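Comments concern the structure below.
Quick note: the coordinates plus some simple rules give every number you see, no bench work behind them. None of these values were measured; they are calculated from a predicted model. A quick note on method: Cβ atoms are made from the backbone with ideal geometry, for glycine too, and the neighbour counts reach across all protein chains shown.
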Amino acid sequence: MLKKLYIIFNIPRLLPAYFLLCVSKNKDILKEDISTWQEWKGVGYLPFFYLMTMYKEFRNIVYMRIGRISLLIKFLAPTQFSVYN
């Protein structure tokens with residue numbers, strides 16, 4: 001229950017990333033990544049927000065697929081390591 005609340009409270013912080021995902025030229029690849037991670041991790045609710053909140057590795061993938069524009073929102077949900085040097 002607490003984990004679900006934590007995810008819900010993080011949604012406003014992650015909305016810019018979700019918007020960039022929706023307008024990205026790689027959105028089909030990103031949706032495929034989400035479904036793969038969702039199956040792998042057994043996520044049943046709010047998969048994008050759950051994965052972005054709980055897994056820094058997934059954030060790295062999202063920011064890499066979105067491209068350089070992700071630098072504008074990366075401070076909202078930092079990555080495990082820098083995607084762009």
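The single condition among (1) within 13 Å of the chain's Cα centre (by Cα); (2) exposed (fewer than 14 other Cβ atoms within 10 Å of the Cβ); (3) aliphatic (A, V, I, L, M) that Ile66 does not meet is (2). Mind listing whichever residues of segment 16-40 are within 20 Å of Arg68 (Cβ to Cβ) and aliphatic (A, V, I, L, M)? Across segment 16-40, the qualifying residues are Ala17, Leu20, Leu21, Val23, Ile29, Leu30. Considering segment 6-24, the residues that are free of Cβ contacts under 8 Å to residues at least 24 places away in the same chain and either of a type outside the set (A, V, I, L, M) or outside any helix (DSSP H, G or I) (or both) include one that is nearest to Leu72 (Cα to Cα), namely Phe19.
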